[in-house]
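K.L.:
Take a look at the following structure, please.
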Amino acid sequence: MSSITQQPAALVTGAGRGIGRGIAVELGRLGFYVAVNYAGNSAAAEECVALVRDAGGDGFAIKADISSGRDRVRLVEEAAEKLGRIDVLVNNAGVAPTERADILEAGEESFDRLISINLKGPYFLTQLVARKMIAQVESGAAGPFGPPRIVTVSSMSAYTASTNRGDYCISKAGLAMMTALYAARLAEYGINVYEVRPGVIATDMTSGVKGKYDELIEQGAWPIKRWGAPSDIGRAVAAISRGDLPYSTGEVINVDGGFHLRTL
Ligand SMILES: NC(=O)c1ccc[n+]([C@@H]2O[C@H](COP(=O)([O-])OP(=O)(O)OC[C@H]3O[C@@H](n4cnc5c(N)ncnc54)[C@H](O)[C@@H]3O)[C@@H](O)[C@H]2O)c1
């Protein structure tokens, strides 16, 4: 028996600010009911929920640290219960190193922190959500945009070696394999899995290195000579979320102003 409810439902991690907020708002424009996960700043998360509503959707905030196994279980249970279904999981939450350090000097503490939040968190969160999604598919529950989907926000650092933040690069390269693994495993259930790979996006994460990137943009480090905006990532995720890439899975969508191009 199939049950289709009108409102599509999404869980977006780290959605209080930055790219996650941009994604939540674009999903709001499509009418999504959004679980806005946040780590600490509840006022920012509530602000995001208000923006999602203004955009035409609805939502609620859930506090959870995605690097904690206990929090992940609670997050998924609470989100699934309130949303009714999880049509889209967006793994967005992530951190940069507290301090950039050369790989000949960098310590294990930063490595463990980044792997735990940026890679282990999304890997096991996806496992929990994928099980829910499989159960949804098997019970015939589906949203208005079709089968469930999983989107992970990685980075151009997945393949660009920055020797002063090796831990970050490795965590993002790991997300690329995570996408391939879940894409291969979940295809039989009709669950497509995507990696969205941002370039340099104007958020709190990049505010400390603004001068460096302003200069690089000026010098033409990537063809589209501007900063990316959270809405650039949000629109790519929205296209995936409404089912515009039905015959693609394990696919990488670069949203980077063309940074990945090789030119001669
Ligand atoms: N800004 C960029 O240029 C850029 C480029 C490529 C990739 N990214 C990636 O995009 C994602 C979002 O980055 P952003 O620029 O919006 O950064 P940001 O720092 O503005 O936002 C990150 C969000 O993740 C949340 N978060 C951090 N740790 C968390 C945890 N343990 N549990 C739950 N939430 C947590 C933060 O509270 C924050 O809301 C990150 O994965 C980042 O690596 C950013």
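The values are calculated or read from the model by the stated rules, or taken from the named source; none is laboratory data. Since the structure is predicted, the reported quantities are computational estimates derived from the model, not experimental observations. FYI the Cβ positions are ideal-geometry reconstructions off the backbone, even for glycines, and counts take in every protein chain you see. SASA here: full protein model, heavy atoms, side chains in, ligands and nucleic acids out. Shrake-Rupley method; radii C 1.70, N 1.55, O 1.52, S 1.80 Å.
K.L.:
Under a 1.4 Å probe, what is the accessible area of the chain per residue, stated in Å²?
P.N.:
On the way: 12560 Å² over 264 residues.
Computed with neighbouring chains in place, this is 48 Å² per residue.
K.L.:
Note the angle between two axes, namely the Cα long axis of helix 18-29 and the longest principal axis of the Cα atoms of the chain, as a number of degrees from 0 to 90, rounded to the nearest 10.
P.N.:
It is inclined by approximately 30 degrees.
K.L.:
How much net charge surrounds Ser110 when only the other residues with a Cβ under 13 Å from the Cβ of Ser110 are counted, with Lys and Arg +1 and Asp and Glu -1?
P.N.:
On the way: positive: Arg100, Arg113, Arg165; negative: Glu99, Asp102, Glu105, Glu108, Glu109, Asp112, Asp167.
Cβ neighbours under 13 Å give a net charge of -4.
K.L.:
Going highest first, how would you order 102-108, 83-89 by mean Cβ packing within 10 Å?
P.N.:
Working: 102-108: 10.7, 83-89: 24.3.
The packing order, highest mean first, is 83-89, 102-108.
K.L.:
Hey, what did segment 10-87 get for relative contact order, percent, Cα under 8 Å, at least 6 apart?
P.N.:
Relative contact order, segment 10-87: 30 percent.
K.L.:
Which whole-number percent gives the relative contact order of segment 3-255, counting Cα pairs below 8 Å spaced six or more residues apart?
P.N.:
Numbers: 504 pairs, mean separation 54.8, N = 253.
Once normalised by length, the contact order is 22 percent.
K.L.:
Looking at Val12, Gly94, Ser110, which one has the Cα that reaches farthest to the positive end of the dipole of segment 1-116 (charges on Cβ: Lys, Arg +1; Asp, Glu -1)?
P.N.:
Result: Val12.
K.L.:
In the chain, what % of DSSP beta bridges are antiparallel (nearest 5)? Walk me through the numbers on the way to the answer.
P.N.:
Values: 1 of 31 bridges.
Looking only at bridges with both residues in the chain, the antiparallel portion is about 5 percent.
K.L.:
To continue, here is another question. About its Cα centre, how strong a charge dipole does segment 3-255 have in debye, to the nearest 20, once Lys and Arg get +1 and Asp and Glu get -1 at the Cβ? Don't jump to the answer; show the numbers that get you there.
P.N.:
Numbers: 26 positive and 28 negative charges, 81 e Å.
Magnitude of the dipole: close to 380 debye.
K.L.:
Right, here's the next one. Report, to the nearest 10°, how far helix 69-83 tilts away from the longest principal axis of the Cα atoms in the chain, using its own Cα long axis and a range of 0 to 90°.
P.N.:
Result, in degrees: 50.
K.L.:
To the nearest 10 degrees, how steeply does helix 42-55 sit against the main Cα axis of the chain, on a 0 to 90 scale?
P.N.:
The angle comes out at about 70 degrees.
K.L.:
I'd like to know which of Val193, Gly31, Ile150 lies farthest towards the positive end of the charge dipole of the chain, counting +1 on Cβ of Lys and Arg and -1 on Cβ of Asp and Glu.
P.N.:
Value computed over the given set: Gly31.
K.L.:
Please report the Cα spread of the chain along all three principal axes, rounded to whole Å, starting with the longest.
P.N.:
Result for the chain: principal-axis Cα extents of 56, 38, 36 Å.
K.L.:
Would you mind telling me the share, in percent, of accessible area of segment 1-153 contributed by carbon and sulfur at probe 1.4 angstrom? Let's see the in-between values first.
P.N.:
Numbers: 3520 of 6920 Å².
Ligands and nucleic acids excluded, carbon and sulfur reach 51 percent.
K.L.:
Considering only the other residues whose Cβ falls under 13 Å of the Cβ of Thr160, what net charge follows from Lys and Arg at +1 and Asp and Glu at -1? Write out the running numbers ahead of the final one.
P.N.:
Details: positive: Arg165, Lys172, Arg197, Arg262; negative: Asp256.
With Lys, Arg at +1 and Asp, Glu at -1, the net is +3.
K.L.:
Hey, another quick one. To the nearest 0.05, what FRET efficiency results for Glu81 and Thr206 with a Förster distance of 30 Å applied to their C-beta separation?
P.N.:
Here the calculated transfer efficiency is 0.25.
K.L.:
Calculate one ³J(HN,Hα) per residue across segment 147-161 by plugging θ = phi - 60° into the Karplus curve 6.51 cos²θ - 1.76 cosθ + 1.60, and present them in order as whole Hz with x for glycine and proline.
P.N.:
The phi angles translate into x, x, 9, 10, 10, 10, 8, 9, 4, 4, 5, 5, 9, 9, 7 Hz.
K.L.:
Turning to a different aspect of this structure: Out of every Cα pair in segment 29-156, what percent are spaced more than 18 Å from each other? Don't skip to the answer; put the middle values down first.
P.N.:
Numbers: 4793 of 8128 pairs.
Result for the distance tail: 59 percent.
K.L.:
Then there's this: I'd like the FRET efficiency for Glu47 and Arg70, computed as 1/(1 + (r/R0)^6) with the beta carbon distance as r and R0 of 25 Å, rounded to 0.05.
P.N.:
0.40
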